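Chemist: Below is the structure I would like to discuss, written out as structure tokens.
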Amino acid sequence: MAARKPANTVVGLETEERLLVEAAQKDPAKFGDLYEIHFERVYAFIARRVRDRDTVEDLTSEVFQKALASLGSYQVRGAPFAAWLFRIAANAMADQSKRAAREIANTEEDPPDTAAANDLEAAEHRGRLFRMVNELPDDQRLVIFERFVEQRSIREIASRLERSEGAVKQLQFRALQNLRTQMEGRHA
């Protein structure tokens with residue numbers, strides 16, 4: 001679970017982001033700064049919902065292309081710029097799902113009932129996994145979140161938590177062991 005930032009830090013980040021957006025609206029070449037700041041978050045957002053790595057990469061690229069093309073119409077309304085990018089990503093994933101569904105319907109490989117049952121089973125599995133992660137001790141849960149949701153490196157996590165890389169690796173190992181034990185217990 002991420003620690004809350006002091007209010008003055010949040011306000012400073014919002015102001016900095018607003019200035020970056022305004023600069024990019026005036027000069028699209030400055031969009032690269034926004035891309036650098038938000039790429040990993042958008043990629044992680046999509047990767048949590050899409051299994052195929054190539055598709056994740058394509059959708060992430062599509063999100064930033066659409067964002068750049070629509071940047072002139074973006075207005076700061078109190079929500080972070082990332083929220084706008086996430087909305088574009090959600091729409092891109094929905095469009096991709098519709099395209100994939102049309103392709104499946106055209107090939108008639110899988111009956112829709114089987115695909116729906118598989119999706120429901122996968123969603124239930126993810127839900128159980130999220131509940132199990134929430135039951136982990138705070139430090140283990142934070143490492144798992146940072147490592148697999150935010151997709152940070154061990155080094156980045158160690159720096160953020162002010163711990164050694166070895167300590168972070170040990171927390172990750174223990175968390176994964178706890179999750180494995182819980183999953184085996186529920187399947188037995």
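Chemist: Only one of these is in a loop (DSSP other than H, G, I, E, B) and charged (D, E, K, R): Arg51, Arg102. Name it. Lay out the reasoning, then the answer.
Modeler: Working: Arg102 fails: in a loop (DSSP other than H, G, I, E, B).
Within the list Arg51, Arg102, the selection yields Arg51.
Chemist: To continue, here is another question. Residue by residue through region 139-188, note down the ones that are among the hydroxyl-bearing types (Ser, Thr, Tyr) and either surrounded by 15 or more Cβ atoms within 10 Å (Cβ to Cβ) or assigned to a helix (DSSP H, G or I) (or both). Walk me through it before giving the result.
Modeler: Let us first name the residues in region 139-188 that are among the hydroxyl-bearing types (Ser, Thr, Tyr), namely 153, 159, 164, 181.
Listed by number, the residues that qualify are Ser159, Thr181.
Chemist: Test of understanding: among Ala67, Ala92, which residue is in contact with a Phe, Trp or Tyr (Cβ under 8 Å, 6 or more places away or on another chain), modelled with pLDDT of 90 or more, under 30 Å from Asp27 (Cα atoms) and not charged (D, E, K, R)?
Modeler: Working: Ala92 fails: in contact with a Phe, Trp or Tyr (Cβ under 8 Å, 6 or more places away or on another chain).
Of Ala67, Ala92, the one residue that is in contact with a Phe, Trp or Tyr (Cβ under 8 Å, 6 or more places away or on another chain), modelled with pLDDT of 90 or more, under 30 Å from Asp27 (Cα atoms) and not charged (D, E, K, R) is Ala67.
The values are calculated or read from the model by the stated rules, or taken from the named source; none is laboratory data. None of the values given here were measured: they were computed from a predicted structure. Counting neighbours? That spans all protein chains shown, and the Cβs are built from the backbone with ideal geometry, glycine included.
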